Amino acid sequence: MTVDYLSAINQGGSGLNITQIVDSLVEAEKVPQENAIQTKIDTNTTSISAIGEVKSALSKLSSSLAGLVGKTSLGVSSNSTAVTATITDPSKATDINSSMTISALATGQTLAFTGYASTTSIVGEGSLQLERGDWSSGSFVASATKSASSLAITSTDTLASLRDKINILNYGVTASIFGAGDGTYNLVLKSGEGKENALRITATESPAGSGLSRIDNTSSNSSKQKIAGADATFVVDGMTLTRSSNSITDLFVGYTVDLVSTTSTTANITASVDENLATANLQSLVTAINAAKEVINAKTFRGDSSSDAGELASDPVIRSLKKQIDSLTTSPLAGFGANSVYLSNLGVRTEKTGSLSLNTTILTKELKNNPRSLDAIFNSMYSSSSSLLSVSGGANKPPVPGTYSFAMTAYTSGAITGLVSSDTTPGITSSNNTIQLTVDGVTTGSITVPSSEYSSEAALATAIQTAVNADSNLVAASKSVVVTHSNGSYSITSGSTGSSTSIVVNAIGSNLDSFLKMSGTADTDAISTSQSGTASSALTLNGTSISSGSFTDNAGKRISITSESGNESGYTFTVVGTDLSGNAQTEVITGPAANATVYSSKTFKTVTSVTPSSNSTGSITVGTTGVGITTSGVTGSATLDTVAMVADITNNIFTATSGVAAGLKVKYSGLGASGSVYFGQSLLEKLTSYITSSLNNTGSGSVENRISTLNSELTKENDLLTELDTRFESTRSRYIQQFSAMESAVTSLKSTGEYLTNLFESMNNND
């Protein structure tokens, strides 16, 4: 029993247990409030713990998803350890069934500069120039695409510091120091794989005799070279090929092929749909999602007659997260062709419990009908309906998944078209059969067209195209041409498009030009005069008025009209005559600007009249030319869903810069390319992106924000408990004071009562 010290002190008081009464009064007020706060604390603590479990489940799911990126239905195999193949771009990978033999692996050049006493030996003073190129012919041929690099060498540079300088240069060379075993040290340089990555090092001593010339192989490569740089050589399906690297990325589209060793027998590389592999990959995804859904479903369960509700049954953030994950696994995946892909197409169903299950029968059927549909689950991809279009995304964010309509308009390539040739059976002799061109500003070497009696003009055109495109200058600059024959004339067209493209014939052998008619030489017997005339009669043919004379050239010529001063572009000139076959033909030519020349597009054998539409504004020269028509390329334009795109004509790329497709890039490889382009965001990427955002973002609706909110509420609730204790201590003190005052009053009243009682008793006794 509680000792009532207050009542004990006030023996003459009420005799009540004041302390007990006060405690009871305080508890009656405090406990309900305290319990309400503690309930909130317990609830929030439980929620934080439960959210932690959800967070852990999502983190495990994210890790599982990362391990599934790049999975496909394609199984790749090789029956030889000499070569391996792996899928690097599932969006482009297709079936493979090829045989391969490897006769040589690519090697890098190794150079050794020997005889240094120590790693701290001074190497000399001056500069070193490093160049990459080809030593295979015995003399060095510098690479057209790899520029040289220089190193300054000081008087304090040692063998070790030179090694470090070369490595820091990052020129594709690895420098190291080897002990020779006889007390001396060698500087060893290794270049990258491929014969064109070999090194030529030129030392320039300053001052002369400093010793730097020891590190030079300009004239003694064979003595310094320990291993020659070489390309890999192999045969694929009967075709002999070479590559500068043993890791080949352009043999099979979407694959990387690694050459490990040479082969004595044929290696077979295959890639095809593997139903077992596809099933295993998809089942791994289903299992990973189910593991996370099991935790989330349990925590958000609303409860029923047989089970209690989950700790997060009423949590808005976690319930929203559950809903979003359920939606992602059931929503269509757009941008993988004309039709959307659903998980259900692949046999994935949602059970009543909320978990996923896989029907392998449905999956097998789908893979037979649509072998690549599994890619929509594991691999985001860009694709197109046209083989001429290559699609990619922007650096910042991908476009909205879906299908977009791409259309190209109004772009051309620079070209030259020769005069009509009357010889339809081209025979190219072994002399005067060379041509030199400038293609898009890149000048070729002298190109020899193989001598032959070609079966047709088309065959000759193909031979010229092949010879030109093999030119090393064009190859190095990634330039090419297309050669065609049409309507009696040969045309050479740039393989690129845009205003920067052009074709110039620098030189051509007479035998070859007898067919191409592109020499550029003007006819000495041309229609010519400089007249300030205003009517057709003022224009002459070799001194004879056109109105009464004519011009004839059996080889055919194009008409040229030159303005010596005035702008004639507002006038036309009507040329009447015959073609090479003697058929009548007429061409209306728009006049030239001031000090410019225009040409007819037709070839004339005879000309009977050249008639201006009106009086000219200045002096005009009418003549003929043997040069073909040269046209400059025009920068093209393109639209994506009718919205204009930005052109990078140098690289043949159009980019969408606004709207839902902003960042999408389309590269074209042929004229007139158009069609549908697609961006499909995989289920894996959608899930990963949502999980990352939910776990790492601090914005509204994220898991981290929810935990932060609950922790803030916990802090406030604990503070309320502290405040509650403080407040009710004050209440207790107030009650104690009040009861103390009461006890004092009772004691005083009792004393007064006793006094009066005694007084009355005394008065009665006196009576």
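Observations, loosely collected:
- All of ALA280, ALA292, ALA313 fail the test of being within 17 Å of THR353 (Cβ to Cβ), small (Gly, Ala, Ser) and at pLDDT 90 or above, apart from ALA292.
- Scanning the range 23-67 for residues that are of a type in the set (Val, Ile, Thr) and free of Cβ contacts under 8 Å to residues at least 24 places away in the same chain turns up VAL31, THR39, THR43.
- Residues that are at pLDDT 95 or above, among the polar types (S, T, N, Q) and under 13 Å from ALA203 (Cα atoms) do not occur anywhere in the range 141-152.
- A search for C-beta distances below 7 Å between a residue of the range 305-316 that is over 15 Å from THR43 (Cα atoms) and any residue that is surrounded by 13 or more Cβ atoms within 10 Å (Cβ to Cβ), counting only pairs 6+ apart in sequence or on different chains, returns SER307/PHE301.
- Strands (runs of 3 or more DSSP E) fully within the range 306-387 that include at least 3 residues being crowded, with 17+ Cβ neighbours inside 10 Å: 381-384.
- Some residue of the range 426-441 being surrounded by fewer than 22 Cβ atoms within 10 Å (Cβ to Cβ), assigned to a loop (DSSP other than H, G, I, E, B) and within 39 Å of the chain's Cα centre (by Cα): yes
- Within the range 288-305, being assigned to a helix (DSSP H, G or I) and of a type in the set (D, E, K, R) holds for LYS293, GLU294, LYS299.
- Neighbours by Cβ (under 7 Å, 6+ apart or cross-chain): first from the range 250-264, closer than 10 Å to SER103 by Cβ; second at pLDDT 95 or above and assigned to a strand (DSSP E or B): THR262/ILE102; THR262/SER103; THR262/ALA104; THR263/THR101; THR263/ILE102
- Residue in the range 643-662 that is nearest to GLY414 (Cα to Cα), counting only those that are buried (at least 17 other Cβ atoms within 10 Å of the Cβ) and not aliphatic (A, V, I, L, M): ASN652
- Note on the range 105-141: residues that are charged (D, E, K, R) and free of Cβ contacts under 8 Å to residues at least 24 places away in the same chain total 0.
- Taken over the range 130-148, residues that are in contact with a Gly (Cβ under 6 Å, 6 or more places away or on another chain) and surrounded by 15 or more Cβ atoms within 10 Å (Cβ to Cβ) amount to 3.
- Those residues of the range 407-425 which are among the β-branched types (Val, Ile, Thr) and in a loop (DSSP other than H, G, I, E, B), in sequence order: VAL420, THR424, THR425
- Members of the range 388-406 that are at pLDDT below 90, assigned to a strand (DSSP E or B) and aliphatic (A, V, I, L, M): LEU389
- Some residue of the range 210-221 being under 22 Å from LEU105 (Cβ atoms) and not in a strand (DSSP E or B): yes
- Any chance ALA673 is in contact (Cβ under 8 Å) with a residue 24 or more places away in the chain and among the small types (Gly, Ala, Ser): yes
- Number of positions in the range 478-520 that are under 14 Å from ILE416 (Cβ atoms), out of contact with any helix residue (DSSP H, G or I) (no Cβ under 7 Å at 6 or more places or on another chain), hydroxyl-bearing (Ser, Thr, Tyr) and in contact (Cβ under 8 Å) with a residue 40 or more places away in the chain: 6
- Considering ALA144, ALA203, the condition of being in contact (Cβ under 8 Å) with a residue 24 or more places away in the chain and within 21 Å of THR119 (Cα to Cα) is satisfied by ALA203 alone.
- Test: residue in the range 670-680 that is within 30 Å of VAL26 (Cβ to Cβ) and either among the acidic types (Asp, Glu) or in the same structural domain as ASP648 (by TED's automatic domain parsing) (or both): no
- Selection status of THR443, on the phi < 0 side of the Ramachandran plot and modelled with pLDDT under 90: no
- Some residue of the range 278-287 being under 22 Å from ILE51 (Cα atoms) and not hydrophobic (A, V, I, L, M, F, W, C): yes
- Scanning the range 326-369 for residues that are β-branched (Val, Ile, Thr) and within 15 Å of LEU285 (Cβ to Cβ) yields THR329, THR330, VAL341, VAL348, THR350, THR360.
The values are calculated or read from the model by the stated rules, or taken from the named source; none is laboratory data. Since the structure is predicted, the reported quantities are computational estimates derived from the model, not experimental observations. A quick note on method: Cβ atoms are made from the backbone with ideal geometry, for glycine too, and the neighbour counts reach across all protein chains shown.
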